[in-house]
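Down below is the structure, laid out as structure tokens.
What follows draws every value from the coordinates through simple rules; no lab data is involved. The structure presented is a predicted model; accordingly, all values stated were derived computationally and were not measured. Using ideal geometry, Cβ is built from the backbone for each residue, glycine included, and neighbour counts are taken over all protein chains shown.
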Amino acid sequence: MTDEYAASGRVPFITSGPDWETTVSGLTPVSDPANQSQRPVVPIASPLLADLATTMELPAYDALALFEATCEQAAFGIAHLREDETWAWVNQRYCEIVGYPREELMTLGLEDITHPDDLGITLEMTNRARLGALPSYTLEKRFIRKDGTTVWGHLTVSRIRTSPNTPAYLVGFLQDITSRRHAEQRLAAQHAA
């Protein structure tokens, strides 16, 4: 990606707002006659990379590499889900939380890793976000790991596009909250006794 942007001179852009989905694009923004109320696309990567490069005294391509490493090595799980509910990309932390190696996780669907009691709400919220009815949502849900154990996660999901005329992706940020949920259950049991 670094060489592609450096060679082309293109800069990723983003649009966002309370009534708009987020759009990230490597293209120069153009007017969208079908949706004149949408705010114009504004550059995000250019200022972001410029700020990183200036602050850390790095060339822009090193700043992009730093940004990519940040996504891959984040303390939160990060995943991109395609419209057909297959994984486009997951970071290492997401794999660790849900308990699958990346190669195997990429062959599974949401229904394969979601606890059966949470599957209905998960699919409903995913579908609403995919269709644009929800710009984002947050959900505490259980995942079934490869070893059969259950892990609780705090999941925040947003709908994103790489450009106005491309299919939407869902990006999810996942935090393992299993310890907190177990502590809450123990406390509730103590108060009930």
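Things to note:
- Value of D in µm² per second that Stokes-Einstein yields for the range 76-118, Kirkwood Rh from Cα pairs, at 4 °C (1.567 mPa s): 123 µm²/s
- R0 of 41 Å, Cβ-Cβ distance Ala88-Gln185: FRET efficiency to nearest 0.05: 0.75
- Residue-span extension gain [Leu123 to Leu108] - 0.36 nm each, minus C-alpha spacing: 3.9 nm
- Kirkwood Rh, angstrom, the range 68-193 [1 / mean 1/r, Cα pairs]: 15.3 Å
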